1. For region 69-82, just list the computed ³J(HN,Hα) in residue order, Karplus coefficients 6.51, -1.76 and 1.60, θ = phi - 60°, integers in Hz, with x standing in for Gly and Pro.
2. Which residues' amide hydrogens lie under 5 Å from the amide hydrogen of Leu55, considering only partners 5 or more residues apart or on another chain, with H built in the peptide plane?
3. Sequence-distant or interchain residues sharing an amide H contact under 5 Å with Phe135, placed H: which?
4. Would you tally the net charge around Phe135, using a Cβ to Cβ cut-off of less than 14 Å, leaving Phe135 out, and scoring K and R as +1, D and E as -1?
5. Work out, step by step, the length gained on full extension between Ser64 and Ala211: first 0.36 nm times the residue separation, then minus their alpha carbon distance; give nm to one decimal.
6. Give me the distance in nm between label points sitting 7 Å out from Cα along the Cα-to-Cβ direction at Ser173 and Val102, one decimal.
7. Using the 10 angstrom Cβ neighbour count as an exposure proxy, how do Ser228, Ser218 rank, fewest first?
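The numbers here are math on the coordinates, done by the rules we state, and not lab data. Here the structure is a predicted model, which is why all the values come from computation and not from measurement. Here the Cβ positions follow ideal geometry from the backbone for every residue, glycine too, while neighbour counts run over all protein chains shown.
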Amino acid sequence: MAPGSGAGLPSYNISRTMSSPVVARDRARVVGTPRCCIASLQRNSRIEERRTALLDLETADVESYFNLSETILKNFDKIDGLVHCAGILGDRTPIEQYKPEVWQRVMHVNLTAPFVLTQALFPALRLSNNPSIIFTSSDYAKNGKAFWGAYSVSKFGTESLSQILANENDHNSMRVNCINPGPVNTKMRLAAFPAENKEKIKSPEDKDILAPYVYLLSDASINVSGKSINAQ
């Protein structure tokens with residue numbers, strides 16, 4: 001995400017799809033990611049090691065989340081923004097045939113992990129004057145469609161979690177919103193629609209995809225909370 005792309009926006013460092021970055025104003029980055037992406041992020045990270053922490057959303061226990069929060073507070077004093085954009089697809093099969101172990105994995109990475117991470121980071125978020133929490137939704141979060149199984153259910157839950165948090169914090173400066181990026185050219189999209197023409201789909205770095213994230217992290221959205229925004 002380009003520095004200075006929104007009104008009052010500092011030089012934020014945002015990672016790509018499949019990770020949940022924590023934003024601090026001095027360019028620190030904490031990334032929660034499914035296990036499959038850990039090695040790739042370790043290879044491709046271009047910022048100083050001490051400013052990047054990786055958390056495996058599939059295997060981390062509750063203590064790991066709260067230890068992460070303590071580490072952030074020791075090194076960076078506060079968190080200004082939390083962007084939840086980690087996610088896995090799971091199987092595209094009927095509910096009758098859906099494997100329970102796959103269901104549990106999808107629900108854990110897509111819904112339970114963001115819940116625990118948010119809860120653990122609340123103390124650091126509270127220290128910011130205008131903290132912002134952003135959840136990433138989906139086209140399949142509001143209409144249950146055949147064969148979308150755990151992924152769709154987890155995104156329904158994501159929308160609900162966002163609304164609950166927004167309502168519980170409507171008396172303070174905490175902002176909580178959802179963004180539906182729409183079709184984006186990612187490995188997950190390719191797995192779901194292998195025959196789709198990728199050249200006609202926007203990349204994760206496209207300005208239309210990033211714009212609502214920049215807006216909701218910036219001071220321009222101080223009074224915006226409880227919304228679900230479509231990027232496309």
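1. In residue order, the calculated couplings are 4, 5, 5, 4, 5, 5, 9, 10, 6, 7, 10, 8, x, 10 Hz.
2. So Leu55 has HN proximity to Val31, Gly32, Thr33.
3. Here His84, Asn177, Cys178, Ile179 satisfy the definition.
4. With Lys, Arg at +1 and Asp, Glu at -1, the net is +3.
5. Stretched out fully, the Ser64 to Ala211 stretch lengthens by 49.8 nm.
6. Calculated label separation equals 4.6 nm.
7. Ser228, Ser218
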